[in-house]
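Asker: Dropping the structure in here first, questions after.
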Amino acid sequence: MNKILLLEDLPEIRSWLKALALQVFPNAQVSEAARVHDALALVSAERFEVALIDLGLPDGSGVDVVAALRENQPEAQSVVVTIHDDDDHLFPALQAGAFGYLLKEQPREHFVEQLQRISQGEPPLSPSIARRVIAYFAAQNKPQERPQALPHVSLTDRENEVLLWVAKGFTLPEIGVQLNLSRHTIADYVKQIYRKLNVSSRAEAALEAQRLGLFRR
Amino acid sequence: MRSRLRSDYAFSRLAVLLRGLLVFALMALCLPCRAQADPPPVLFEGELRILTSALAVPGPELEYPADRPATKVRLPDDWWVSRPKADGPVWYRLTFDAPAQPDRLLAAYIERVCSNAEIHLNGRIIYSGGRMTEPVTRNCHYPQLVSLPAGLLHDGENVLDIKVMGYALQKVSTRQRSGGLSVVKVGPQAVLEAEYASDRFWSLTMVEVITVATTMLGLLVLCLGWLNPREPHLLWFGLMTLMWNVMSVRILARDLPLDNGTVELLLGAGWAAVTALSVQFLLSHANLRSRTIEICLMLQCALVPMTLVLAGPHRLFVVMSAWQLLMVCEVIATMGLYLFAVWHHRKEEFWLMAVTLFGLGALLVLERAVQHDLLDPLRPNLAHFAMPAVFLVLGTRQLRSFSRALQDAEAARNSLESRVAEATAEMERNYAQMAELRVEQVTEKERKRIAGDLHDDLGAKLLTIVHTSESERISSLAREALEEMRLSVKGLTGKPLPVADALADWRAETVLRLGQAGVEADWRSPTEDLTQQLSARAFVQTTRILREAISNVIKHSGASHCKVRCTLGESDFVLVVQDNGKGIPMELDGKLDRGHGMASMKHRAKQMQGQCLVESGPGYGTVIRLTLPL
């Protein structure tokens with residue numbers, strides 16, 4: 001039986017999301033939270049397989065919950081559910097370990113389809129996010145900007161290629177056709193990109209914390 | 001340390017050089033002057049009689065002491081040769097023949113008599129050069145022309161008695177100042193006048209002129225040095241020139257209110273001062289000043305008069321000669337040092353300075369040779385006006401370099417001004433940029449706040465409508481409103497967007513939407529590197545137009561295929577959306593259906609100085625052609 005964390009402050013939307021979640025994961029047990037504080041308490045108390053997390057909450061940002069989940073329950077799949085479609089909001093969540101994002105205003109059937117895809121390991125990737133990821137890794141690969149102690153996480157040529165195609169506005173199925181790869185393989189590349197983004201970001205954050213003397217085990 | 005070694009080395013090399021130079025000068029100049037045969041007592045040169053022989057009797061008498069034994073001397077009679085230890089006065093008796101009634105006025109011309117003379121013709125005094133007792137008039141540099149009154153002349157032999165007052169060599173500091181009498185020329189006054197005038201001009205007038213000129217120059221340079229503490233050599237040069245000119249007074253001034261000993265003592269001190277100033281000038285001009293040398297020079301200035309006093313009046317010449325030799329060596333060594341430094345730092349100045357200083361050095365060596373009786377004194381004395389000439393050259397050089405420095409300063413000031421102007425402009429630019437940045441930051445912050453508010457309030461409410469409305473139409477309208485709101489927020493940034501990014505975003509959205517609606521999408525846009533930028537407003541408006549066009553294709557056309565073409569021109573870009581649907585039905589008035597949002601698309605295009613053309617007909621599909629300036 002799946003356990004799902006649902007963090008959303010608007011009751012109507014929360015119930016709408018809950019219905020959808022149950023549609024995708026029929027026998028799931030959904031734990032609801034309206035605040036970051038409650039969600040963090042749930043994260044430390046229970047184990048989840050999937051988490052639907054809103055970003056803009058009355059007492060903070062859902063990114064903290066994403067990070068806490070990634071830290072304590074790495075196997076849990078965090079999906080950001082938001083009204084924001086811009087990379088300024090989404091990129092930090094992806095860096096913190098979110099495995100995809102969904103825009104809340106989508107029609108029910110699109111939303112369900114995308115959630116299903118994410119749960120099957122096919123996260124979406126928009127051109128602006130792809131551009132942001134490219135810029136992030138380009139900066140990481142400049143030796144003068146990268147601290148020596150930072151573990152070197154770099155994308156493979158294929159992953160880069162996929163990112164470049166996405167950044168140009170091609171959809172993942174289109175890229176599969178272009179590169180003569182299966183849809184499944186393309187999805188794996190995207191998954192790897194998300195994972196590497198998170199690993200690199202976490203290492204960077206840890207190093208930064210250590211540098212500031214804030215690192216605690 | 002290293003420069004010290006270098007200068008020591010330069011000194012030693014210079015000394016060797018000087019020794020060689022001295023020997024050479026002596027060989028070249030001394031040999032011919034010494035070997036002279038005894039001439040006859042009277043030489044005739046045209047109308048002139050040159051008296052080269054006299055009877056000499058030392059004595060202070062008022063008339064020629066005929067009662068005492070006389071010695072026969074050859075003129076010129078230099079006392080340092082004939083009576084090295086004795087002072088004057090000395091009586092000279094010269095005889096010459098003259099016609100009783102000459103047709104022209106006769107005169108006697110004495111080129112040099114030192115220090116002063118009284119002249120008697122046939123026992124009657126006819127001329128006195130000035131005081132014959134201390135302080136004795138100093139006529140050493142003044143030629144004497146004495147008219148011979150016709151009334152006193154005898155037919156036949158005439159007697160010319162000359163009483164000369166002078167000093168032994170040891171009581172004066174230079175050989176030119178020791179007692180002596182040159183040959184006496186007797187002849188028509190008109191002829192002698194010319195020679196007298198010429199001698200006087202070269203020995204005195206020239207010195208006067210140059211003294212005045214160099215005094216002016218010295219004062220000028222002194223003022224410049226005074227006003228420019230960073231150019232100390234100007235000060236030294238001015239002082240050196242003025243000091244030299246003070247020394248020149250010894251030649252020009254005949255009646256000084258001081259006795260000979262005092263005057264010579266002062267002159268000795270004066271030479272020490274001139275030497276000190278010259279050395280200081282050269283050293284500071286070459287930036288080689290040293291505290292030790294300065295102290296030594298000051299010490300020398302004090303020591304010279306002290307040793308002269310200690311040695312007493314009877315050893316003045318020998319002590320002074322030693323000092324002067326030392327001073328000349330100092331000056332020449334400094335010149336060498338100076339040229340050495342100039343050769344390494346200011347080559348362009350080297351040759352002029354080298355020639356000038358070599359000339360000066362040669363003069364000094366010649367003068368020394370004269371003082372040490374290795375050379376006969378040259379008449380006129382070269383040093384008297386050649387030295388100031390050297391000063392003139394040096395002074396004009398100083399003025400020139402000063403004016404050049406002024407020009408440089410002017411140029412530097414100009415360049416500084418322009419640099420200040422540049423810096424000011426740069427600062428202003430930076431300030432403007434900072435202000436702009438600040439405005440941008442504030443704007444960005446405000447935009448974020450507005451965006452946050454919109455999303456939190458309006459967005460949340462619209463979202464609630466989207467997901468709670470029973471009516472599909474209302475939730476779809478709310479969804480569109482939400483998308484519209486998001487786009488408006490994006491437009492708030494005002495940041496231009498690369499065309500390539502805009503195209504990618506449009507492509508992704510269009511292909512996704514068409515794909516979700518089951519319409520085959522065919523998107524083509526330039527793939528090469530695009531450098532153009534699109535304003536935020538153009539991006540937002542174009543997104544709206546494209547979104548509307550695609551919505552029309554999805555909702556109304558019933559098309560199975562949609563082509564999107566995007567082309568970029570020099571100054572515009574064109575977006576064509578073409579479907580194979582059923583076209584837009586005409587209204588009764590011949591216009592296209594307003595419900596399809598055509599009017600708002602056209603309006604948006606017009607707002608951006610572009611145009612949106614719609615071609616459609618039932619059964620032919622629809623082509624929307626959007627052209628916008630970049």
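Values in this text are rule-based calculations from the coordinates and carry no lab data. Keep in mind it's a predicted model, so treat the numbers as computed, not measured. Using ideal geometry, Cβ is built from the backbone for each residue, glycine included, and neighbour counts are taken over all protein chains shown.
Asker: Using only Cα atoms, find the angle between the long axis of helix B:347-371 and the longest principal axis of chain B, and express it within 0 to 90 degrees, rounded to the nearest 10.
Answerer: With rounding to tens, the tilt is 10 degrees.
Asker: Give me the net charge of residue B:565's neighbourhood, meaning all other residues with Cβ under 11 Å from the Cβ of residue B:565; Lys, Arg count +1, Asp, Glu -1. Can you show the working numbers first?
Answerer: On the way: positive: B:524, B:563, B:625; negative: B:522.
Once positives and negatives cancel, what remains is +2.
Asker: In a Gaussian network model over chain A where Cα atoms closer than 10 Å are linked, find which of A:74, A:127, A:107 has the largest mean-square fluctuation.
Answerer: In the Gaussian network model the winner is A:107.
Asker: Here's something else I'd like to know. State whether region B:189-331 is rounded, prolate or oblate according to the following rule on the C-alpha gyration tensor (a ≥ b ≥ c being the square roots of its eigenvalues): a/c under 1.5 gives rounded; otherwise a/b larger than b/c gives prolate, and the remaining case gives oblate.
Answerer: Cα axes put region B:189-331 in the oblate bin.
Asker: Taking the Cα centre as origin and putting +1 on Lys and Arg beta-carbons and -1 on Asp and Glu beta-carbons, what dipole magnitude results for region B:283-368, to the nearest 20 debye? All intermediate terms of the calculation are to be shown ahead of the outcome.
Answerer: On the way: 6 positive and 5 negative charges, 25 e Å.
Computed about the Cα centre, the dipole is about 120 debye.
Asker: Okay, next question. When the chain is fully extended, how far beyond the present Cα-Cα distance does residue B:517 get from residue B:252, taking 0.36 nm per residue of separation?
Answerer: On the way: separation 265, 0.36 × 265 = 95.40 nm, distance 12.17 nm.
Contour length minus the Cα-Cα distance gives 83.2 nm.
Asker: So how tilted is helix B:536-552 from the main axis of chain B? Cα-based, degrees 0 to 90, rounded to 10.
Answerer: So the helix axis and the longest Cα principal axis differ by about 20 degrees.
Asker: Please compute, for the alpha-carbon atoms of region B:240-293, the extent along each of the three principal axes and give them in descending order in Å.
Answerer: Result for region B:240-293: principal-axis Cα extents of 42, 20, 10 Å.
Asker: Next question. Of B:421, B:96, B:333, whose Cα points farthest to the positive end of the dipole of the protein assembly as shown (charges on the beta-carbon: +1 Lys, Arg; -1 Asp, Glu; origin at the Cα centre)?
Answerer: After comparing all options, I get B:96.
Asker: I'd like to know which of A:60, A:31, A:95 lies farthest towards the positive end of the charge dipole of chain A, counting +1 on Cβ of Lys and Arg and -1 on Cβ of Asp and Glu.
Answerer: So the residue we want is A:95.
Asker: Compare the Cα positions of B:207, B:345, B:460 along the charge dipole of chain B (+1 at Cβ of Lys, Arg; -1 at Cβ of Asp, Glu; about the Cα centre) and return the one farthest towards the positive end.
Answerer: Among B:207, B:345, B:460, the one farthest towards the positive end of the dipole of chain B is B:460.
Asker: For chain B, calculate the relative contact order in percent as a whole number, restricting contacts to Cα pairs under 8 Å that are 6 or more residues apart.
Answerer: 9
Asker: What is the magnitude of the charge dipole of chain B about its Cα centre, with +1 placed on the Cβ of each Lys and Arg, -1 on the Cβ of each Asp and Glu, and no other charges, expressed in debye to the nearest 20?
Answerer: 1180
Asker: A follow-up question, please. Ratio of alpha-carbon Rg to the 2.2 N^0.38 Å globular estimate for chain B, to two decimals, please.
Answerer: Normalised Cα radius of gyration, chain B: 2.13.
Asker: Turning to a different aspect of this structure: Arrange the following residues from fewest to most other Cβ atoms within 10 Å of their Cβ: B:455, A:37, B:556.
Answerer: Lowest to highest Cβ neighbour count: A:37, B:556, B:455.
Asker: Using the Kirkwood radius built from alpha carbon pairs, what does the Stokes-Einstein equation give as D for region B:255-371 at 4 °C and 1.567 mPa s, in µm² per second? Present the calculation step by step, with values, prior to reporting the outcome.
Answerer: Values: Rh = 15.3 Å.
It diffuses with D of about 84 µm²/s by this estimate.
Asker: May I pose another question? Net charge near residue B:123, counting Lys/Arg +1 and Asp/Glu -1 over other residues with Cβ under 15 Å of its Cβ?
Answerer: Numbers: positive: B:93, B:124, B:163; negative: B:61, B:63, B:67, B:118, B:157, B:161.
Neighbour charge sum, excluding residue B:123 itself: -3.
Asker: Using the 10 angstrom Cβ neighbour count as an exposure proxy, how do A:53, B:119, A:118 rank, fewest first?
Answerer: In increasing order of surrounding Cβ atoms, one gets A:118, B:119, A:53.
Asker: Still on this structure, please answer the following. When a footprinting reagent is the concern and you count Cβ atoms within 10 Å, what order do A:63, B:209 take, fewest first?
Answerer: B:209, A:63
Asker: Now, a different point. With only Lys, Arg, Asp and Glu charged, each at its Cβ (+1 for the first two, -1 for the last two), find how big the charge dipole of the protein assembly as shown is about the Cα centre; round to the nearest 20 debye.
Answerer: 1500
Asker: Would you mind giving the mean number of other chain beta-carbons within 10 Å of the Cβ of each residue in B:446-459, as a whole number? Mind dumping the intermediate values first?
Answerer: Working: counts 0, 0, 1, 0, 0, 4, 2, 0, 1, 6, 4, 0, 1, 6.
Taking all residues of B:446-459 together, the mean is 2.
Asker: While we're looking at this one, here's another question. Below 8 Å, C-alpha to C-alpha, sequence gap of six or more: please give me the relative contact order for chain A in percent.
Answerer: 16
Asker: For region A:1-153, what are the per-bin percents of Cα-Cα distances with bins 5 Å wide, up to the bin holding the maximum?
Answerer: It works out to 2, 9, 19, 22, 20, 13, 8, 5, 3, 1, 0, in whole percents.
Asker: Same structure, new question: Hey, if you drop one equal point scatterer on each alpha-carbon of region B:99-170 and run the Debye formula without solvent, what base-10 log of I(q)/I(0) do you get at q = 0.17, 0.26, 0.28 Å⁻¹?
Answerer: Each listed q maps to, in turn, -0.65, -1.16, -1.28.
Asker: Okay, next question. Using just the alpha carbons, could you tell me how many Å³ per residue the convex hull of region B:455-540 encloses?
Answerer: Working: hull volume 8.7 nm³, N = 86.
About 101 Å³ per residue, rounded to a whole number.
Asker: Using the Cα atoms of region B:149-215, I'd like the radius of gyration and the largest Cα-Cα distance, Dmax, both in angstrom.
Answerer: 16.9, 52
Asker: So what's the net charge close to residue B:515: Lys and Arg +1, Asp and Glu -1, counting the other residues with Cβ under 11 Å from its Cβ? Don't skip to the answer; put the middle values down first.
Answerer: Numbers: positive: B:513; negative: A:174, B:509, B:520.
So the environment of residue B:515 carries a net charge of -2.
Asker: Right, next: How big is the gap, in Å, between the Cα center of region B:517-539 and the Cα center of region A:175-198?
Answerer: For region B:517-539 versus region A:175-198, the Cα centre distance is 23 Å.
Asker: How high is the relative contact order of region B:390-500, in percent, counting Cα pairs under 8 Å that sit 6 or more residues apart?
Answerer: 19
Asker: Here's another thing I want to ask about it. Jot down the per residue volume, in cubic angstrom and as a whole number, of the convex hull over the alpha-carbon atoms of region A:107-196.
Answerer: Output value, Cα hull per residue: 106 Å³.
Asker: Taking a quarter of the surface of the convex hull around the Cα atoms of the protein assembly as shown, what do you get in nm²?
Answerer: It is 65.3 nm².
Asker: Relative to the longest principal axis of chain B, what angle (0 to 90°, nearest 10) does the C-alpha long axis of helix B:598-607 take?
Answerer: The two axes meet at around 10 degrees.
Asker: A further question on this structure: Using only the Cα atoms of region B:500-630, build the gyration tensor, take square roots of its eigenvalues as a ≥ b ≥ c, and label the shape rounded, prolate or oblate: rounded if a/c is under 1.5, else prolate if a/b is larger than b/c, else oblate.
Answerer: oblate
Asker: Okay, moving on. Based on DSSP H runs of at least 4 residues, each adding -39500 (n - 2.57), what is the mean residue ellipticity at 222 nm of chain A after dividing by all its residues, to the nearest 500 deg cm²/dmol?
Answerer: -17500 deg cm²/dmol
Asker: Could you work out which residue, out of A:75, A:109, A:161, moves most in a Gaussian network model of chain A, that is, has the largest mean-square fluctuation with Cα springs under 10 Å?
Answerer: Comparing A:75, A:109, A:161 in the GNM, the peak value goes to A:109.
Asker: Let me ask something additional. Can you compute the modelled spin-label distance between residue B:560 and residue B:97, with each label point 7 Å from Cα toward Cβ, in nm?
Answerer: 15.9
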